[in-house]
Amino acid sequence: MSRICLDHQHMGVPHHLTKQFYVVLSVFFILTDAMARAQVNVEPNTAVLNEGDPTELLCRYAHHSITYCRIEIPGEPKVFNLSPDWNKTPGFTYFGKGLQNGECGVNIQRVKAINNGQVKCNLGVEGEELSGTIDLVVALRPKQPAVELMTKADSEGYFSEGVTFQARCIVPDGRPAGNITWFLDNEPANKPLGQMEFVASHPANTGLELATTIQSIKWNLGPEDNGRKLICRSHHQTDRESLPPQEGSYTILVRYAPIHKEDTTVYGLYLEQTVKVNMTIRANPAPVIEWTIDGEVVRQGEQKGRFSVFEPEYLGQDMYNVTMIIAGLTLEDTTKTYILRASNALGTTDYNVHLSSSATPPSSGLEIGAIVGIVVAVAVLILIVLLVLFARATGRWCFGGKSVKMTTNETGNKAQQHGQSVALLETPNGVTIIPNNGATTSNGQKMDHDTSDVQRRRLSTDDSFEYATDRESSVYNPTTIPLRSVMASAGGRNTRKSVDSDNPTEQADLLTKGNELGIPESRFSRWIPKDQREILEKQARLLANRAQATKTPEPRPRTPTPSTKGPAPAVPTTAKLTTRSNINVPTETEI
């Protein structure tokens with residue numbers, strides 16, 4: 001308190017005014033608390049019900065128990081003094097948690113129209129009486145909505161095109177006031193609307209206070225508005241499934257000049273025949289027709305030369321069919337200028353018409369056949385691309401002969417010395433060796449081919465069932481013979497034991513030599529080209545000869561014959577050493 005006083009003194013406020021300020025503030029808080037304690041809470045503040053609905057109205061004093069509860073309901077002749085045990089008036093009972101809890105309420109089983117108004121509750125609290133009010137609105141269905149014209153029509157009830165049409169909807173005598181929604185032919189009107197107004201109304205001899213709702217609508221009329229129904233629909237508290245919203249309506253009639261159209265071409269007319277030229281126009285009222293053909297006018301119902309014009313035929317919804325007949329259409333007729341003029345009280349409109357002997361108008365875009373053809377072509381192209389990718393990935397068809405280079409461990413060292421290489425062609429049966437020309441043997445002799453076409457198989461794969469015979473291999477041709485026969489005749493590997501060989505060791509060594517040709521082991525007959533076969537035969541014979549030369553035993557020394565001339569001089573024995581020549585081995589392999 002002293003701090004506040006010091007602040008006020010510092011601010012220049014006299015001390016006696018500061019005391020008055022705090023006195024007023026204290027009184028204000030006391031009154032506020034007293035008002036809060038004296039306030040009666042009501043639930044609900046406003047109840048909107050239809051006639052015959054049940055409801056529960058409650059008044060509550062939260063700070064203390066109450067000694068009595070009296071409720072006044074509009075239209076009822078007496079005041080209800082309610083308690084949990086009270087049940088004297090049928091249709092009205094006590095509602096709440098008891099007087100000791102400060103609650104005073106009433107349960108109305110069926111609300112009547114005369115109950116509309118303020119419900120007042122009086123509570124006895126510590127010798128005083130506190131009161132509260134609840135607005136009870138018993139809904140009363142309004143009368144039928146009405147559409148009132150603010151823009152007057154002509155004597156026949158028509159409006160002209162372009163006129164600003166204005167009307168308003170009136171929903172009278174509702175409780176509470178109803179709402180309004182506008183429609184054109186059961187579709188939202190989407191037109192400019194005025195602000196909704198609510199006006200109090202007191203029907204005569206009823207004593208009721210009701211409300212009337214008013215709203216206006218306005219827009220410029222066009223040909224499309226002719227014959228449309230303007231609907232004003234009211235929405236109210238009393239609407240039920242059995243009682244749908246009420247509505248009022250007005251049918252709009254509009255007169256307008258014939259509607260303009262772009263230039264028209266009539267197709268499918270046959271030369272040298274009588275043809276009908278038909279045009280459809282929209283107008284209200286009915287138009288009067290005349291045709292101008294290269295400057296010559298033909299009115300409806302007239303015939304001039306080969307041209308006849310008929311009166312318009314009504315099709316409905318302001319649509320009229322106009323017909324002109326040409327007897328014996330000529331090619332010159334298709335080049336003439338035709339002008340159709342339609343007139344009524346609202347105006348005149350000209351239409352340019354062209355004649356054509358073509359069956360159909362030129363297409364402005366792709367036809368269906370062209371679109372289908374493009375789609376099919378794209379699908380075929382995609383299929384071809386997919387097949388090519390599949391063949392390349394699986395090595396089928398034209399991609400079955402691809403080759404890849406690789407280096408083997410056996411041939412790495414010697415091949416680098418002699419610069420030899422072997423190309424292996426991939427086939428369904430394995431790998432075929434492709435020769436490189438210009439190679440030489442270890443003795444310096446030039447060979448026609450340094451290697452032969454040889455197929456390599458995986459020993460763990462049995463493809464005899466899939467490929468049946470090596471005659472189906474891609475390296476087979478009518479000049480090839482089995483590799484086994486070549487090796488048998490040359491003494492190479494993969495042959496049976498020669499009946500002419502007496503030395504098994506020599507035979508085994510010959511097979512070992514044959515392996516140095518680079519011919520793989522195989523369980524099947526191999527077919528190779530004739531020229532490659534000759535090369536293999538030469539290499540096999542060369543190796544066989546070298547093997548025999550290596551195995552030839554040295555000749556026994558002769559026993560010296562005694563001579564009378566004396567002992568002959570000793571002849572030194574020379575040991576002949578045969579050095580095994582290196583075999584040319586390929587350095588690279590193409591797979």
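The values are calculated or read from the model by the stated rules, or taken from the named source; none is laboratory data. Fair warning: this is a prediction, and the values are worked out from it, not measured in the lab. No Cβ is skipped: glycine too gets one built from the backbone with ideal geometry, and neighbour counts run over all protein chains shown. We work out accessible area using only protein heavy atoms, side chains counted, and drop any ligands, DNA or RNA first. Shrake-Rupley method; radii C 1.70, N 1.55, O 1.52, S 1.80 Å.
Laid out as a table, the results:
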| read-out | value |
| --- | --- |
| P(r) histogram, all alpha-carbon pairs of the range 291-386 included - 5 Å bins from 0, percent | 2, 9, 14, 16, 12, 9, 7, 6, 5, 5, 5, 4, 3, 1, 0 |
| Protein-only accessible surface order, largest first, of Glu313, Glu209, Glu537 at 1.4 Å | Glu209, Glu313, Glu537 |
| Segment Asn190-Phe390, length gained on full extension (0.36 nm per residue, minus Cα span) | 65.8 nm |
| Förster radius 60 Å - calculated FRET efficiency between Ser83 and Asn352 (Cβ-Cβ, nearest 0.05) | 0.05 |
| Heavy-atom SASA rank of Tyr314, Tyr250, Tyr267 (probe 1.4 Å, accessible area, largest first) | Tyr314, Tyr267, Tyr250 |
| Entries in Lys261/Lys304; Lys261/Lys336; Lys143/Lys191; Lys78/Lys120 that, when Cα-Cα distance is taken, lie over 18 Å | Lys261/Lys304; Lys261/Lys336; Lys143/Lys191 |
| Per-residue HN-Hα couplings for the range 319-327 [Karplus 6.51, -1.76, 1.60; θ = phi - 60°; Hz; x = Gly/Pro] | 9, 10, 9, 10, 10, 10, 10, 10, 8 |
| Accessible area in square angstrom per residue, the range 215-260, 1.4 angstrom probe | 46 Å² |
| Exposure rank, largest accessible area first [Ile326, Ile114; 1.4 Å] | Ile114, Ile326 |
| For Glu296, solvent-accessible area (1.4 Å; no DNA, RNA or ligand), Å² | 90 Å² |
| Contour excess over end-to-end distance, with Cα ends at Leu149 and Val163 and 0.36 nm allotted per residue | 3.7 nm |
| Area of Asp85 that stays accessible when all protein chains are in place (1.4 Å probe, Å², to 10) | 150 Å² |
| Dipole in debye (nearest 20) - the range 258-355, about Cα centre, beta carbon charges: Lys, Arg +1; Asp, Glu -1 | 120 debye |
| Share of Cα-Cα pairs in the range 126-185 lying beyond 13 Å, as whole percent | 76 percent |
| Semi-axis lengths (Å, descending) of the ellipsoid that matches the C-alpha gyration tensor of the range 41-139 | 22, 14, 11 |
| Accessible area of Glu128 in the full protein assembly, 1.4 Å probe (Å², nearest 10) | 120 Å² |
